[in-house]
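What follows is a single structure, written as structure tokens, with notes after it.
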């Protein structure tokens, strides 16, 4: 740094003034850098036109889908999911793949008793296929509802709370596109965990045990039935979860309300069954209706006394009511004012 | 079809009506808006938001027809919204996103591919003055920065028409000036049209050359501000030192209608001789005239005059404002 612009009175620097060897009676002051800083222009504002082409409808819809799904995998740039939410979903995914690990261990064992035990517990059969998508605590009563609650919380309620519905509807995004893409995003995330883990479970059993075409032909109908049951779980949970998300401004409401619906109806039906020995009230419980339909699809003994038709109608009615509520609430999302 | 001034109107409406149940929100709206900056004025509940929604093709009109950029508002809403940028009045940003991601996503929602949207997001964020803050999360933004981010979202696809709903809501003086300068530049340099609603007449006057005034769902005025100002009776404003009451009395004796605020008096400018008569009155009343000038009516005067003629009880445009407009610092 040159000395230009630095005016040191009495030829003393600031250091000398503080620690110098003067007698203390002299005028001890130093003025450093007396020049004013030069003010520059911060930026030059100029409007730049853009002459690119806008993509068609599917490009806009894919943007919505990608925004909501990619957020689970990437920290920034897309919809923000709390790290704990992402971690919990990852744990649920690992948990749902636990039977794959057990099948792998069974394939390593040469002990006949162990192989038989592992095969009964985790091998491919009607009960285990049903159990992979709908049964066996805690997967049926903890993992899938918790997964749904974490994904749907804030999916629509955040738009209502933050006013971001205006971002969508002031652009050429229709309410149908908006609802369909949100629905698809949730369904794909749930499907990724529930259906994909089911698929991996089935295929890994074939690979680890070295099964052939005959086994595949034998078990494929069971697998497809379980797949249909899994898709029904995804659709029904998505419908209920999004409907609850659309009626509120709070992401916690949607999550808690979903868990309450699943657990509350099941608990109520269980109490009634215990007291009055009738399972009819299970038609109010979305989980039990799905479980009943799943048992029917996979051809295993039903846990319920009431006819299967009641559960099928109930699943359809629950989905119809939730989609109707969802569309009605999305219609009320405002652009100019919320 | 050519509008006033020979340019093709960007917005037209013929007998447009909108009813919400029994409530008439818009009634017999006839509009012809040429390119440029236009202010949409009106008290709360006058129908401004409903008009915007109709123009964006978001709600079906009950009667009449209209076009925006040549597209029918009843059937081609998606095409209209592709070429319009809308800046909402209220918060419309995801607080968990950074500004660059929010603006990029806004671009993608119009149909821009992600690479183009990202590049354009950088450009518009620089344009609205958020270049250095574009990677910050929106939840950390001040009100002014949020308004700028909303403007960037509206501009990302370079729309032909920018609709701004109360763009200076809650902004401090510096941020307000920058916002208005940006809107002016968008019109003058970008050659884009701006449709802006505001309760602050100064803001509208600074940006717009025309106004559309809505009252109880009807268009009561759509003219150039200059033309409207010319229609208002010219006044001469006189500042006196001492004896303001004597001066007022003297002027009234000479047949002037006087409006007085403290030592500032205003009289109608009848003809070129009015100034001389005022000075003669000052001599007679023995008062010093410190300043005398022709008073230029501003948009506030025009607005109040029109409201007065419509019978609306509005003393000033501040009566139309809520805490949302003033940033929450106005005592109710």
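Looking only at the range B:5-21, decide whether some residue is part of a loop (DSSP other than H, G, I, E, B) and modelled with pLDDT of 90 or more. Checking the range B:5-21: at least one residue is part of a loop (DSSP other than H, G, I, E, B) and modelled with pLDDT of 90 or more.
If you filter the range B:189-203 down to residues that are more than 12 Å from every other protein chain (Cβ to nearest Cβ) and farther than 16 Å from residue B:10 by Cα, you find that the one that is surrounded by the fewest Cβ atoms within 10 Å (Cβ to Cβ) is B:202. Only one of the numbered conditions (1) within 24 Å of residue A:332 (Cα to Cα); (2) within 8 Å of chain A (Cβ to nearest Cβ) is not met by residue B:74, and that is (2). Scanning the range A:313-331 turns up one or more residues that are away from chain B (no Cβ under 14 Å) and more than 25 Å from the chain's Cα centre (by Cα). Residues in the range B:115-128 that are more than 8 Å from chain A (Cβ to nearest Cβ) and without any contact (Cβ under 8 Å) to a residue 24 or more places away in the chain were compared, and the one that is farthest from residue B:175 (Cα to Cα) is B:115. Consider the range A:58-77 and keep the residues that are within 13 Å of residue B:104 (Cβ to Cβ) and surrounded by 20 or more Cβ atoms within 10 Å (Cβ to Cβ). The one that is farthest from the other protein chains (Cβ to nearest Cβ) is A:67. Scanning the range B:99-111 for residues that are facing chain A (nearest Cβ under 7 Å) and within 13 Å of residue B:154 (Cα to Cα) returns B:105, B:106, B:108, B:109, B:110.
Restricting A:215, A:178, A:183 to residues that are away from chain B (no Cβ under 14 Å), surrounded by fewer than 22 Cβ atoms within 10 Å (Cβ to Cβ) and more than 30 Å from residue A:116 (Cβ to Cβ) narrows the list to A:183. Taking the conditions exactly as written (touching a residue at least 24 places away in the same chain (Cβ under 8 Å) and either surrounded by fewer than 23 Cβ atoms within 10 Å (Cβ to Cβ) or in a helix (DSSP H, G or I) (or both)), does residue B:186 satisfy them or not? Answer is yes for this residue. If I filter the range A:63-76 for residues that are more than 27 Å from residue B:83 (Cβ to Cβ), touching a strand residue (DSSP E or B) at 6+ places or on another chain (Cβ under 9 Å) and not in a helix (DSSP H, G or I), do I get at least one hit? The answer is yes; a qualifying residue exists.
Here's the yes/no breakdown for (1) more than 17 Å from residue A:232 (Cβ to Cβ); (2) surrounded by fewer than 22 Cβ atoms within 10 Å (Cβ to Cβ):
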{"site": "A:278", "(1), (2)": "yes, yes"}
{"site": "A:285", "(1), (2)": "no, no"}
{"site": "A:289", "(1), (2)": "no, no"}
{"site": "A:296", "(1), (2)": "no, yes"}
{"site": "A:309", "(1), (2)": "no, yes"}
{"site": "A:316", "(1), (2)": "no, yes"}
{"site": "A:323", "(1), (2)": "no, yes"}
{"site": "A:326", "(1), (2)": "yes, no"}
{"site": "A:329", "(1), (2)": "yes, yes"}
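How about the range B:129-163: which of its residues are in a loop (DSSP other than H, G, I, E, B), facing chain A (nearest Cβ under 9 Å) and within 18 Å of residue B:193 (Cβ to Cβ)? If the condition is that a residue be in a loop (DSSP other than H, G, I, E, B), facing chain A (nearest Cβ under 9 Å) and within 18 Å of residue B:193 (Cβ to Cβ), then B:156, B:157, B:158 are the ones that fit. A single member of A:274, A:336 is modelled with pLDDT under 95, more than 18 Å from residue A:186 (Cβ to Cβ) and in a helix (DSSP H, G or I), and it is A:274. If you take the residues in the range B:51-71 that are facing another protein chain (nearest Cβ under 7 Å) and in a loop (DSSP other than H, G, I, E, B), which one is nearest to residue A:169 (Cα to Cα)? The residue in question is B:58. Counting only residues that are assigned to a helix (DSSP H, G or I) and under 18 Å from residue A:171 (Cα atoms), the range B:101-127 holds 17 of them. Among the criteria (1) farther than 25 Å from residue B:34 by Cα; (2) in a helix (DSSP H, G or I); (3) within 12 Å of another protein chain (Cβ to nearest Cβ); (4) in contact with a helix residue (DSSP H, G or I) (Cβ under 7 Å, 6 or more places away or on another chain), the one residue B:175 does not fulfil is (3). Residue B:31 passes every criterion in (1) within 14 Å of chain A (Cβ to nearest Cβ); (2) touching a helix residue (DSSP H, G or I) at 6+ places or on another chain (Cβ under 9 Å) apart from (1). Condition check: in a helix (DSSP H, G or I), over 19 Å from residue A:190 (Cβ atoms) and either free of Cβ contacts under 8 Å to residues at least 60 places away in the same chain or within 14 Å of chain B (Cβ to nearest Cβ) (or both). Does residue A:84 satisfy that? No: the conditions fail for residue A:84.
As an exercise: evaluate residue B:96 against (1) farther than 27 Å from residue B:53 by Cα; (2) more than 7 Å from chain A (Cβ to nearest Cβ); (3) touching a strand residue (DSSP E or B) at 6+ places or on another chain (Cβ under 9 Å) and give the number of the one condition it does not meet. Of everything listed in (1) farther than 27 Å from residue B:53 by Cα; (2) more than 7 Å from chain A (Cβ to nearest Cβ); (3) touching a strand residue (DSSP E or B) at 6+ places or on another chain (Cβ under 9 Å), residue B:96 misses just condition (2). Scanning the range A:73-87 for residues that are in contact with a helix residue (DSSP H, G or I) (Cβ under 9 Å, 6 or more places away or on another chain) and more than 16 Å from residue A:147 (Cβ to Cβ) turns up A:75, A:76, A:77, A:78, A:79. The numbered conditions (1) within 29 Å of the chain's Cα centre (by Cα); (2) modelled with pLDDT under 80 are all true for residue A:149 except (2). Is it true that some residue in the range B:198-208 is more than 21 Å from residue B:49 (Cα to Cα), part of a helix (DSSP H, G or I) and touching a helix residue (DSSP H, G or I) at 6+ places or on another chain (Cβ under 7 Å)? Taking every residue of the range B:198-208 in turn, at least one turns out to be more than 21 Å from residue B:49 (Cα to Cα), part of a helix (DSSP H, G or I) and touching a helix residue (DSSP H, G or I) at 6+ places or on another chain (Cβ under 7 Å). Restricting attention to the range B:281-300, and to residues there that are out of contact with any helix residue (DSSP H, G or I) (no Cβ under 8 Å at 6 or more places or on another chain) and in contact (Cβ under 8 Å) with a residue 12 or more places away in the chain, which single residue is surrounded by the most Cβ atoms within 10 Å (Cβ to Cβ)? It comes out as B:295. Take the residues in the range B:245-299 that are assigned to a loop (DSSP other than H, G, I, E, B) and within 30 Å of residue B:208 (Cβ to Cβ); name whichever of them is nearest to the chain's Cα centre (by Cα). Once the filter is applied, the top-ranked residue is B:298.
The values are calculated or read from the model by the stated rules, or taken from the named source; none is laboratory data. Keep in mind it's a predicted model, so treat the numbers as computed, not measured. Note: ideal-geometry Cβ built from the backbone for every residue, glycine included; neighbour counts use all protein chains shown.
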